[in-house]
Every structure is written in structure tokens, then in C-alpha cells.
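So the structure is just underneath, and the comments pick up after that.
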Amino acid sequence: MNLFAEFHELIGSILRRIAAQGRLPENLDLQRIAVEPPRDPAHGDLSTNAAMVYAREARPHFANPRQLAVEIAAALADNPDVAEAEVAGPGFINIRVTPAVFARVLRAALEQGPRFGKPALGEAKKLKINVEYVSANPTGPMHVGHGRGAVFGDALANLLAFAGHEVTREFYINDAGAQVDALARSAYLRYKEALGEAIGEIPEGLYPGDYLKSIGAALAEKYGRTLLERPEADWLDEVRASAIDAMMAMIRADLACLNIEHEVFFSERSLTQGGDGDLVAGAIAKLRRRGLVYEGRLPPPKGQPAEDWEDRAQTLFRSTAFGDDADRPLMKSDGSYTYFASDIAYHKVKLDRGYALLIDVWGADHGGYVKRMRAAVEALSEGRTRLDVKLCQLVQLMRNGEPVKMSKRSGEFVTLRDVVDEVGLDAVRFMMLFRKNDAALEFDLSKVIEQSKDNPVFYVQYAHARSKSVLRQGLATIPGIDISSEALAAADLSLLQDEGEMALIKLIAQFPRIVEAAALSGEPHRIAFYLHDLAASLHAHWTRGKDRPQLRFLNEVRTDLTVARLALITALATVLASGLGILGVNAPEEMR
């Protein structure tokens with residue numbers, strides 16, 4: 001049950017009736033209407049801007065938005081679910097609903113259980129969505145920055161799946177290009193080291209991390225000393241393949257420690273060296289047939305010294321036709337493809353699989369790449385498929401307010417595995433999501449393990465554990481009490497009248513709306529913020545019960561009131577568990 005969606009439909013029906021009378025245009029875009037909680041709870045339970053958004057269309061039949069608002073409010077007041085509809089300011093409408101409405105919400109949460117909050121999309125609105133995230137170069141273990149994109153992408157995929165869409169989680173393996181050749185040469189050095197040879201300092205441009213020692217040892221066991229007798233051109237492909245396999249196994253293990261699994265791992269190398277031929281050439285040919293690829297020259301980028309600019313004829317994609325700032329090269333001067341050309345081919349592969357929406361999760365340093373990639377997807381799909389790029393800002397790792405030093409194992413950065421081993425996956429996942437993805441994040445290793453209200457993940461998990469504790473105490477205090485969802489849904493919920501109880505019920509009613517809005521915007525942090533608000537409301541009500549025993553969830557004298565309150569706490573625990581599940585965070589039954 002989505003209370004806000006129900007009232008959106010109710011207000012829409014009122015507007016359609018006015019339109020049928022000729023006083024508003026037909027075929028109004030009802031998606032422009034917002035129905036949401038008022039900023040000040042004292043103003044009511046719901047608020048709508050319906051009269052404001054149609055101010056222009058309402059003329060001349062309504063001189064101003066307030067006149068239209070008065071008519072909408074009067075129609076709302078005739079509905080049996082509405083206790084009061086009041087016009088505020090220039091035309092906003094504040095609505096109070098009857099207690100029976102919130103009782104219905106609570107019963108819906110109890111009866112639907114884990115399904116509560118899932119939008120009723122229907123097949124027409126259900127999308128086939130590809131979420132590509134992490135896609136780290138397979139040249140070392142994952143670092144904390146990778147971890148933010150990994151957690152965000154995984155939670156976004158969870159959210160979209162919870163909202164009813166068909167979601168594929170994908171990892172693009174960057175196994176072509178200079179960086180994997182450098183990896184192969186680095187592994188070869190460790191291979192020589194494993195055979196007892198002195199390798200000295202790792203040369204500039206190679207990877208110094210200790211994680212390559214195990215790969216060198218594996219190469220030594222497999223090949224013995226035979227690679228030493230072969231020129232680089234003979235061993236490079238074999239060593240590269242072995243090193244990439246080992247790195248991907250390490251990356252999969254790092255992701256597994258955060259309970260992240262991808263259904264698809266796609267190799268960049270397969271775009272030109274796979275069984276389907278040269279897919280990059282095929283993608284370029286498709287764009288060329290549409291007149292979107294041409295031979296031309298580009299002016300030097302602004303601010304770049306002229307001596308650093310190579311003025312030559314190039315194969316270019318006409319990305320300016322789709323809103324980009326400049327047309328983009330597809331071929332390098334040596335005849336090889338640019339990274340952009342490979343990315344075009346890769347996205348064509350995804351389009352050919354029939355996705356209605358592509359979502360790429362990138363680091364913030366790739367922000368300048370967004371326009372050209374969106375242009376390519378629009379061109380390839382002829383406008384039928386949208387690319388949504390989500391940028392994740394940097395993570396500053398701290399301990400007691402001081403920056404954390406790099407990891408010895410990686411030689412360059414703090415590994416994600418080290419952080420998860422220290423604070424646990426729940427703290428990592430929740431805190432990575434407790435800020436919008438495009439905002440910088442300070443992650444303090446000391447703060448996230450505190451058992452206090454200042455630690456958001458503890459605060460929310462404790463709310464769930466506290467709810468479960470109430471249910472266990474209910475069974476112990478009132479022998480024979482039935483706390484099944486069916487029995488609790490049949491309770492007299494009209495007994496829940498305290499302001500703290502009503503605040504909790506109203507927040508529970510918001511969960512379907514929060515899920516819908518978060519899925520539509522691709523913002524899982526909204527779930528984390530909501531859960532924190534819900535936990536805060538529970539803890540505040542619990543504190544009131546310390547001083548006023550009549551407010552406590554268990555009342556040995558009033559069994560009927562206890563059952564109603566257990567219904568409330570069960571619904572609340574269900575929503576907390578669902579929300580934490582979307583974030584990929586555990587919902588503990590008790591805190592140890």
C-alpha cells in the first residue's frame with residue numbers, strides 16, 4: 001500500500017473531472033503533481049502542489065492557483081479517508097487523513113511483510129536494466145575508492161530489483177592496453193624473484209605491490225626456468241593471461257567480502273580478439289552508415305600548448321550532434337582504436353542484449369567522459385535507450401580524525417579488504433551509502449565501530465535488534481500471546497493514539513514512497529537516510545517510555561494494547577529489515 005500514490009491518483013481524478021467540465025485542459029501531465037509529507041508535521045499528513053503546477057493552464061477559469069486549490073480541497077474533504085483538507089499560502093493543500101487510513105497502512109505492512117514497499121509496476125513499466133559497476137583495472141587488489149563504487153552500484157541494483165525491474169550486474173574487465181602489459185612485466189619480475197634472482201627496485205611504471213609475489217611463485221611452479229630462456233614477445237601473452245586471471249580472482253574475493261557478486265564479467269580484449277570478430281569495427285561501421293563517422297581535423301583543446309598538439313586527419317564520431325562539446329576521435333595515429341571506440345563497441349554489446357536502461361557507475365575523475373558516452377549510446381540506440389552515469393566521489397580514509405597511511409600489501413593505497421577486515425562489511429556498506437554518491441566522503445575507521453547514536457550503522461541496526469527484543473519480551477511476559485502477522489493484523493489498531501506511536505506509523509507509511517523515489521532517481525542513499533530517521537523516531541519513543549510506563553510496548557494489564565503495539569513494532573522491524581536488505585546490510589536480531 002502506497003498512501004502517497006493513492007492520494008496522487010485521488011487528486012488526479014479530481015483534476016480530470018474539472019478538465020471534463022472544460023475548466024482545465026484535457027490530457028494534463030499528472031506526473032507534475034507532487035504528493036509528499038509536509039515539511040512541518042503540524043501542517044498535516046500529506047501536502048500537494050497540484051494547484052500550483054497548473055496555474056497557467058487554469059486560466060481564465062481560475063484567476064489564481066489558490067482558487068483552484070480551494071476547489072480541489074473541497075473535493076478532497078468529501079472523501080471518507082480525509083479528515084481535513086486546508087489551503088495554505090498561494091495554493092498548497094495540506095491534508096489530514098483519518099486514523100483508519102494509518103491503521104490500513106499498518107495492516108498492509110503486516111500482511112505483505114517483506115513485500116511491503118515494493119511498487120506495483122506492472123509489466124508495462126518493468127524495465128530490463130544493466131548496472132555496470134566497479135570495472136577496476138585488473139592490476140591489483142581493490143582499494144577503498146573502488147569500494148565506494150562497488151557498494152553504491154550493488155545497492156542501486158538491489159534497489160531497482162526491489163522496485164520490480166529485471167536487473168543485470170556487470171563488470172567490465174579492462175584487460176587490453178598498456179596497463180595489463182605493465183602488469184605482465186611486473187609479474188615476470190616476481191617470477192624471477194621466486195626463482196631466486198635479484199630483481200632490485202621495481203622500475204618506474206611497473207606495479208610494486210607484494211600481492212604480485214604469489215603470482216610470481218605460481219608462474220615459477222608452472223614454468224620452472226623456461227620463461228627465462230624466451231624473449232618477452234614469446235612470454236608476454238601467457239604471463240599477461242595468468243596475471244589477469246589471478247587479479248580477477250583477487251578482485252572477486254575482495255568483492256565477496258562485501259557480499260557483492262556480478263552475473264556478467266565482460267572482457268575488453270574480446271571486443272577485438274573474441275570469436276565474434278572485430279566488434280569495434282562493427283560499431284564504427286554502424287555509426288558510419290548513419291553519417292555519424294567522418295574523416296576530419298579537430299582544433300587543439302583550449303589551454304593546451306600548440307607544440308603538444310598533433311594536427312592530422314582523424315576518424316571522428318560526430319558526438320556534437322548529441323550535445324557533446326566536441327567530436328571525438330575513434331582511431332589513434334598508429335591505427336589502433338581509442339579507448340572511446342572500444343567503449344562504444346562495449347555499449348553496443350549491451351544494447352544488443354536488449355536493455356532498456358544502461359547505468360554506469362564511474363569514479364568522479366571520469367566526469368569529463370560522460371557527455372561523449374551518452375552521445376554514443378543515443379546514436380547507437382537511435383534514442384531508444386538511455387545511459388545514466390553515476391559518479392562516485394573520493395573516499396578519505398581516517399582514523400580518529402587523522403588520514404590513514406597506505407597499505408604495505410598494495411604498495412600504493414589502502415586495500416578494501418583491510419578496511420572490511422577491520423570494521424566489518426555492514427559498517428563499510430552503510431557508511432558508503434550514508435552520503436550521496438557524488439559528494440566527497442570521510443570514512444573514519446574509529447567512528448564506524450562505536451556503539452553510540454553518533455554511529456549511524458549501529459543506530460539503525462540497534463533499532464532493528466531493539467524491535468526484535470520487544471517481540472521476544474512479549475512472548476515471555478504474556479504467555480500464549482500470538483504474535484503472528486495474521487493475529488497482529490487483526491489487532492485493534494485504533495488503540496495506537498500516542499504522538500510517538502503515530503510518528504512511527506507515519507514514517508512506516510512513507511517507506512513505499514521513499515523506495516519509489518529512490519529507484520526513480522537512482523539514489524540508494526535516500527533509503528539510508530530514511531532508515532536513520534525511522535530509527536531515531538523509535539529510539540526517541542523508547543526514551544519517553546522510560547519516564548512514562550504507560551507508553552511502553554508491553555502492558556501486562558492491557559493485553560489488547562500490547563498486541564496493538566506489538567503489531568506496530570513488527571511492522572517497523574519489517575521495514576527496517578527491508579531497507580537494510582536493499583543496502584546489503586544485515587538486520588541483526590540482537591546486538592552483541
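Let me have the 222 nm mean residue ellipticity of the chain computed from DSSP H runs of 4+ only, each contributing -39500 (n - 2.57), with the sum over all residues rounded to the nearest 500.
-15500 deg cm²/dmol, from helical runs alone.
Quick check: the angle from helix 370-381's long axis to the longest principal axis of the chain, C-alpha only, nearest 10 degrees?
90
I'd like the distance separating the alpha-carbon centroids of the stretch 427-492 and the stretch 72-135, in whole Å.
24
Would you grab the residues whose amide H sits under 5 Å from the one on Lys390? Only those 5+ places off in sequence or on another chain, please, with H modelled 1.01 Å from N.
Asp360, Val361, Trp362
At what distance in angstrom do the alpha carbon centres of the stretch 211-285 and the stretch 506-530 lie from each other?
The stretch 211-285 and the stretch 506-530 have Cα centres separated by 40 Å.
With 10 angstrom as the radius, rank Cys392, Cys257 by how many other C-beta atoms surround their C-beta, starting from the fewest.
In order of increasing Cβ crowding within 10 Å: Cys257, Cys392.
Calculate, for Ala19 and Gln67, the FRET efficiency according to 1/(1 + (r/R0)^6) with r their C-beta to C-beta distance and R0 22 Å; round to the nearest 0.05.
0.90
Provide Lys128, Lys468 in ascending order of the number of other Cβ atoms located within 10 Å of each residue's Cβ, fewest first.
By the 10 Å Cβ count, ascending: Lys128, Lys468.
Taking other Cβ within 10 Å of each residue's Cβ, how do Met432, Met591, Met52 sort, fewest first?
Met591, Met52, Met432
Let me have the relative contact order for the chain, percent, based on Cα pairs under 8 Å that are six or more residues apart.
Once divided by the residue count of the chain, the mean separation gives 16 percent.
P(r) of the stretch 3-97 in 5 Å steps, Cα pairs, percent per bin?
2, 15, 28, 28, 17, 7, 2, 0
Which semi-axes, in whole Å and largest first, does the equivalent ellipsoid of the stretch 456-583 have when worked out from the alpha carbon gyration tensor as the square roots of 5 times its eigenvalues?
They are 26, 15, 13 Å, listed largest first.
How long are the semi-axes of the ellipsoid equivalent to the chain, from square roots of 5 times the Cα gyration tensor eigenvalues, in whole Å, largest first?
Here the semi-axes work out to 52, 35, 19 Å.
Projected area of the stretch 458-510, taken from the Cα convex hull and averaged over every viewing direction, in nm²?
4.7
Once both axes come from the Cα atoms, what is the angle between helix 178-194 and the longest principal axis of the chain, in degrees from 0 to 90, rounded to 10?
That helix lies at roughly 70 degrees to the long axis.
Report, to two decimal places, the Cα Rg of the stretch 243-296 normalised by 2.2 N^0.38 Å (N = number of residues).
Normalised Cα radius of gyration, the stretch 243-296: 1.71.
Which of the pairs Lys405/Lys447; Lys126/Lys350; Lys302/Lys371 have their Cα atoms more than 21 Å apart in this structure?
Check vs 21 Å cut-off fails for no pair.
Hey, what do the phi angles of the stretch 465-474 turn into as Karplus ³J(HN,Hα) couplings, whole Hz, using 6.51/-1.76/1.60 and θ = phi - 60°, x for Gly and Pro?
Couplings: 4, 5, 4, 5, 5, 4, 5, 5, 5, x Hz.
Just from the alpha-carbon atoms, what are the Rg and Dmax of the stretch 182-257 in angstroms?
12.2, 40
Measure nothing fancy, just the Cα-based angle from helix 499-521's long axis to the longest principal axis of the chain, in degrees from 0 to 90, nearest 10.
Taking Cα atoms only, the helix is inclined about 40 degrees.
Could you please tell me the mean projected area of the C-alpha convex hull for the stretch 523-583, averaged over all directions and given in square nanometres to one decimal?
Taking the Cα atoms of the stretch 523-583, their convex hull projects to 4.2 nm² on average.
No value in this document is a laboratory result; all are computed from the given coordinates. Owing to the predicted nature of the structure, the values given are computational and were not obtained by experimental measurement. Glycine also receives a Cβ, built like all others from the backbone with ideal geometry; neighbour counts cover every protein chain displayed.
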